[in-house]
Amino acid sequence: MEWHACLDEYQKLVIRMSTPRVVIDNTVCRTATVVKVDSARRHGTLLDAVQILTDLNLSIKKAYISSDGQWFMDVFHVTDLNGNKLTDKSVISYIEQSLETTYPDKSLGFNGLTALELTGTDRVGLLSEVFAVLAELQCNVVDAKVWTHNGRIASLIYVKDCNSGSPIEDSRRIDRIEARLRNVLRGDNDIRSARTSVSMAVKHTERRLHQMMSADRDYERKSDLQCWTDSPVVNVQNWTERGYSVVNVQCEDRPKLLFDVVCTLTDMEYVVFHASINTTGDKAYLEFYIRHTDGTPISSEPERHRLIQCLQAAIERRASEGIRLELCTSDRQGLLTDVTRTFRENGLNVTRAEISTAMGVAMNVFHVTDATRNLADPKSIESVRQKIGLGNLKVKELPFRHHQMAERQDEHEIGVGGAVLLSLGSLVRKNLYNLGLIKSYS
């Protein structure tokens, strides 16, 4: 470590003590890469570490978190999405450098873009209307994420001017964009809760989506996942002798689960002092020992109930409803308008979307159902693919719940449970490519 000439020995000691120490080991565990992080404890430290790992689309199979006074020790057992250890030296180096940074960069390449935040009542075809308005207003969508949950929609869309390629900063133009989008979100029956905002501030997209949906109080509405699967089981009890509130979560395992839970606890101003995370097959078991930032445990039944609701909602928001469609094609003005209009015309409802562009190529992911949020008709999917291009739009994955229902039906009919193996390509190198850290990800 190189020191600035003006630093005295005490300042150097403070920097050494506050800088996280990271060890990445591929030898101690047969099935996963072990990432150890020792750092000074501050609010949000755990979330920063989990965020770095999940932004690389790594799976956290196990984790142990413990604090001793003002010091934290985090141990993560991670793999890529194919269940393999990490062997790519560029990935390992990026993890080390990011975790050793006291305040990691959270921009993820969104500087120079204008951020549009949208929340409102979800309905079939809404996304198509939003992208049509943006195209009409000469806004080029560079990146976007869209979540739906319990009849609500939240979206964070990054745009630039179609002609100049610059961020949109003119106040009158921003007012016009906000007004048009607000009218689209309101539709015929959402006069009060439709919200839009425009910002130049850089945000971590998925954390901000959680904050937006929580502010929209989606957790108070009836779950729209009950027809698909059991809701996550969340229990909260106080350990009076030690002054902790103990949170237990049991649910289906999936990528970014730990991020969603830790993000919610952090934004609700809880501090995690100890935790253990284990996954077995398709199940995840998480236990957290928490206190408020002032050091006190949960003090009332309404607060306990609200925490349970918020954690259940955080887990459900990212649950993949519907068929996963991946679009990879040359980017052009109006592409998203055409694609989402085709979905709408064929009775498909977008329940989640991830939009990204790099080097003139659009790489978009859509999760779609029919208009009633049931599994889409394969004929509708095939019709959409024919219109958009069979080589451009591919069916990558049926929803896990569909496999569960099919297995139950097979067991009922013939007594044999089928197993469905999905092959998911690792997105780690693509993320590093988008961050400009490697030259290719092929």
Q | Tally of residues being without any contact (Cβ under 8 Å) to a residue 40 or more places away in the chain and surrounded by 21 or more Cβ atoms within 10 Å (Cβ to Cβ) across segment 266-283 | A | 1
Q: Write out, first by first residue and then by second, each pair whose Cβ atoms fall under 9 Å of each other, whose residues are 6+ apart or on separate chains, and whose first residue, in segment 250-262, is without any contact (Cβ under 8 Å) to a residue 60 or more places away in the chain while the second is in a loop (DSSP other than H, G, I, E, B) and of a type outside the set (D, E, K, R).
A: 250/232; 253/281
Q | Residue among 75, 91, 133 that is surrounded by fewer than 20 Cβ atoms within 10 Å (Cβ to Cβ), in contact with a helix residue (DSSP H, G or I) (Cβ under 7 Å, 6 or more places away or on another chain) and among the β-branched types (Val, Ile, Thr) | A | 133
Q. Looking at segment 246-281, which of the residues that are part of a strand (DSSP E or B) and of a type in the set (A, V, I, L, M) is farthest from residue 39 (Cα to Cα)?
A. 249
(Q) Let me confirm something: among 175, 161, which residue is of a type outside the set (A, V, I, L, M, F, W, C) and free of Cβ contacts under 8 Å to residues at least 12 places away in the same chain? (A) 175
(Q) Conditions first: (1) over 24 Å from residue 219 (Cα atoms); (2) surrounded by fewer than 18 Cβ atoms within 10 Å (Cβ to Cβ). Residue 300 passes all but one, so which condition is the exception? (A) (1)
Q.
residue 45 - would you say it is touching a residue at least 24 places away in the same chain (Cβ under 8 Å) and farther than 17 Å from residue 255 by Cβ?
A. yes
Q) If you go through segment 155-196, how many residues are open to solvent by less than 30 Å² (accessible area, probe 1.4 Å), assigned to a loop (DSSP other than H, G, I, E, B), over 15 Å from residue 115 (Cβ atoms) and among the β-branched types (Val, Ile, Thr)? A) 0
Q) When you go through (1) within 25 Å of the chain's Cα centre (by Cα); (2) surrounded by fewer than 18 Cβ atoms within 10 Å (Cβ to Cβ) one by one for residue 345, which number turns out not to apply? A) (1)
(Q) Tell me whether segment 127-146 contains one or more residues that are acidic (Asp, Glu) and within 26 Å of residue 57 (Cβ to Cβ). (A) yes
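Among the residues of segment 39-66, write down those that are under 14 Å from residue 262 (Cβ atoms) and either open to solvent by 40 Å² or more (accessible area, probe 1.4 Å) or not in a helix (DSSP H, G or I) (or both).
Selection gives 43, 44, 60, 63, 64, 65.
The values are calculated or read from the model by the stated rules, or taken from the named source; none is laboratory data. What you see is a predicted model; the values in this text were computed from it and never measured. Glycine gets a Cβ as well: all are built from the backbone with ideal geometry, and neighbour counts include every protein chain shown. These area figures cover heavy atoms from the full protein model, side chains too; ligands, DNA and RNA do not enter into them. Shrake-Rupley method; radii C 1.70, N 1.55, O 1.52, S 1.80 Å.
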